[in-house]
Amino acid sequence: MPASPSASADTSQAPSAVTESESAIETRGLEPVPDGERTGKVRELFPTWVAANISVLLLTMGAGLVVFNGLNIWQVLLVATVAPIVSYGIVGLISIAGKRGGAPGMALSRAVFGQRGNLFPGSLIWVARWGWETINAVTGAYAILTVLDLLFGVKSNTVLIVVTLLLFVTGTFLVSGLGINALRVCSKWSTYLFGAFSVLVLGYLVVETDWSAVLDKPAGSAAMVVAGIGMIGAGGISWVPSGPDFTRYLPRTASSKKMVGTTVGGAGIVVLPMVLMGAVMAVSTPNLASAQDPVAFIGELLPTWIAVPYLLIALIGMLLINSMSMYSAGFTAQTLGIKVPRAAAVSVNAVISLIFGFLLMVVATSFIGSFISFLTLLAVAFSAWIGVFGVDMLRRTSYDGRALLDTTRTSAYWYKAGFAWQAMTAWAVALVTGLLFTRVDWFAGPLASSWIGKHGLGWVTGIAVSALLYAVLPRAESRAVAADSSAEAEAERATVSV
């Protein structure tokens, strides 16, 4: 016999007497944030998305645009401008659902796919986060190893790799376990520090770079420009399901336009200069795009007095990126039925990133190849969910908080046997379609050689197919929709009587 709605909700998710905005440790889980505790400010999204992009991997990706895609500096400028606008524009739009429902993105997704149906995209997104957190953990460990080499001449070895990985993952776990308030504070200060040192690095590059070699590089093809936008934008696409996680504490009256603008601005102010710096660095160090260690080149290109503090601050940024990812992964784990507090759910991802990180650093032969392949597949995997969720968000203005937590047959979001077949169909078809047009190092879809495939638009195809198919399929009506309609009718009658 199914449990009652109250029994199905994790008791660890119950709000405490002290509001989340006042507590150092966030205890709230999937349950919607009450209006009285929605004290967040839209401007707080700016450092959040700055912090989400403080990674030296953007330098490596910028170099890849020059070395692998064959682009010149002006084409790189175009890519670095368009990519964050497109990808983080989508993040900002989807994050509007957070202020409407007050719950994490994958909890709100239950209203779209059904209580059981949501387990499918939720599982895929949770597994995808393992890869993202592994990549960040490896990059952070490499940053520590590079600093140790620059300051003390300590060379990397297997034992040191394990120790640095463990230190980085532990720090990530601690920050993400504390919750939203810790992330806000850390994001704010890392934004200031990283911004200041990035200006210093940029100034050094301006003085030391052979600009004739940079400016004389011939242009690459239009196809490689489009593919480059997809590659840089994939990082932003990976944050889309997490967007609502960081806006659930905003009041319902928060400006949607400002939310989108602040999200794009916070990401763009980091992505643009970092990608450009990587492209400039690639002129003097072309092997940086293919190095197994994606961080050591900084010690080769910059003087120690700049490289060490820059890497330490970037290390904090990468720790924050991983903390934000694990923060959202904890919610995703809870939506999959793992009955533990959010902080405990985070520990699962911490252990996984530690194990996979070791394999990537010790066993894998190409870090950047693995990274680009992962980003490409990540974007395709998330795109199918984005199209369905986005269309649903356009149709609804509110979410039934009780129904989101009720995972039994009594839930308004149970639909048919726990599945919203319209959403599931659109998601599955789009996922397969996106993969058909995708090519990575170890996988190539049968349509990867087509125009769409050559331009790296498999993820765009996924969004378009899922959105269009879901839009034309019959709409799944829930009891929550019927209740909303009755409430609106009652309010309208009351207004007329007055």
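The values are calculated or read from the model by the stated rules, or taken from the named source; none is laboratory data. Since this is a predicted model, take the numbers as computed values, not measurements. Positions of Cβ are backbone-derived with ideal geometry, glycine not excepted, and every protein chain shown enters the neighbour counts. Each accessible area value is taken on the protein alone, full model and side chains, heavy atoms only, with ligands, DNA and RNA left out. Shrake-Rupley method; radii C 1.70, N 1.55, O 1.52, S 1.80 Å.
Please sort 120-126, 215-221 by packing, taking for each peptide the average over its residues of neighbouring beta carbons within 10 angstrom, highest first. Mind dumping the intermediate values first?
Numbers: 120-126: 21.1, 215-221: 13.3.
Averaged packing, sorted descending, gives the order 120-126, 215-221.
Semi-axes of the equivalent ellipsoid for region 284-440, please: Cα gyration tensor eigenvalues, times 5, square-rooted, ordered largest first, whole Å. Provide the component values of the computation, followed by the final result.
Details: eigenvalues 303, 88, 45 Å².
The three semi-axes for region 284-440 are 39, 21, 15 Å.
May I ask you to derive the FRET efficiency for VAL362 and LYS257 from their Cβ-Cβ distance with R0 = 45 Å, giving the value to the nearest 0.05? Write out the running numbers ahead of the final one.
Working: r = 48 Å, r/R0 = 1.06.
That pair, VAL362 with LYS257, gives E of 0.40.
Can you grab the distance from the C-alpha centre of region 247-314 to the C-alpha centre of region 409-464, Å, no decimals?
Measuring centre to centre over Cα atoms gives 30 Å.
One-quarter of the Cα convex hull surface for the chain, in nm²?
Details: hull surface 98.0 nm².
The number I arrive at for the chain is 24.5 nm².
Is any residue of region 66-82 close enough, with backbone N under 17 Å, to a label point placed 7 angstrom from the Cα of ALA222 along the Cα-Cβ axis, and if so, which?
71-72, 75-76, 78-79
³J(HN,Hα) across region 407-424 via Karplus (A = 6.51, B = -1.76, C = 1.60, θ = phi - 60°), whole Hz, x for Gly/Pro?
For region 407-424, the Karplus curve yields 9, 9, 5, 7, 5, 5, 9, 7, 6, 10, 6, x, 10, 9, 4, 4, 5, 5 Hz.
Give the calculated FRET efficiency between LEU200 and THR158 to the nearest 0.05, with a Förster radius of 41 Å applied to their Cβ-Cβ distance.
On the way: r = 34 Å, r/R0 = 0.84.
E(calc), rounded to 0.05, equals 0.75.
How big is D, in µm² s⁻¹, for region 148-291 by Stokes-Einstein at 20 °C and 1.002 mPa s if Rh is the Kirkwood radius over C-alpha pairs? Before the final figure, lay out each step's value.
Numbers: Rh = 19.2 Å.
Diffusion coefficient, whole number: 112 µm²/s.
Give a residue-ordered list of calculated ³J(HN,Hα) values for region 199-209 (Karplus: 6.51 cos²θ - 1.76 cosθ + 1.60, θ = phi - 60°; whole Hz; x for Gly, Pro).
3J(HN,Hα) across region 199-209, in whole Hz: 4, 5, 5, 4, x, 4, 5, 4, 6, 8, 6.
Let a ≥ b ≥ c be the square roots of the eigenvalues of the Cα gyration tensor of region 389-455; is it rounded (a/c under 1.5), or, if not, prolate (a/b larger than b/c) or oblate?
Numbers: a/c = 3.64, a/b = 2.61, b/c = 1.40.
In terms of gyration-tensor shape, prolate.
So, in the chain, how many Lys pairs have Cα atoms under 18 Å apart, if the pair is 8 or more places apart or on different chains? Write down the numbers at each step before the final one.
On the way: LYS41/LYS99; LYS41/LYS188; LYS41/LYS257; LYS41/LYS258; LYS99/LYS257; LYS99/LYS258.
Total qualifying Lys-Lys pairs in the chain comes to 6.
Given DSSP loops and a limit of at most 10 other Cβ atoms within 10 Å, what is the longest stretch of the chain that contains no such trypsin sites (Lys or Arg not before Pro)?
Result, exposed sites excluded: 156-408.
For the chain, what does the accessible surface come to per residue with a 1.4 Å probe? Please give it in Å². Before the final figure, lay out the partial values.
Details: 19450 Å² over 498 residues.
Value for the chain: 39 Å² per residue.
Would you mind putting 49-60, 424-435 in packing order, based on average other-beta-carbon counts within 10 Å, highest first? Intermediate results must be reported in sequence, preceding the final value.
Numbers: 49-60: 26.1, 424-435: 21.7.
Most protected by this proxy first, the peptides run 49-60, 424-435.
For every other residue with a beta carbon closer than 15 angstrom to the beta carbon of ALA137, add +1 if it is Lys or Arg and -1 if Asp or Glu, then tell me the sum.
Details: positive: ARG129; negative: GLU133, ASP293.
Charge balance near ALA137 sits at -1.
Output ³J(HN,Hα) for region 439-451: one whole-Hz value per residue in order, computed from phi by the Karplus curve 6.51 cos²θ - 1.76 cosθ + 1.60 with θ = phi - 60°, and x for Gly and Pro.
10, 10, 4, 10, 8, 9, x, x, 10, 5, 8, 6, 4
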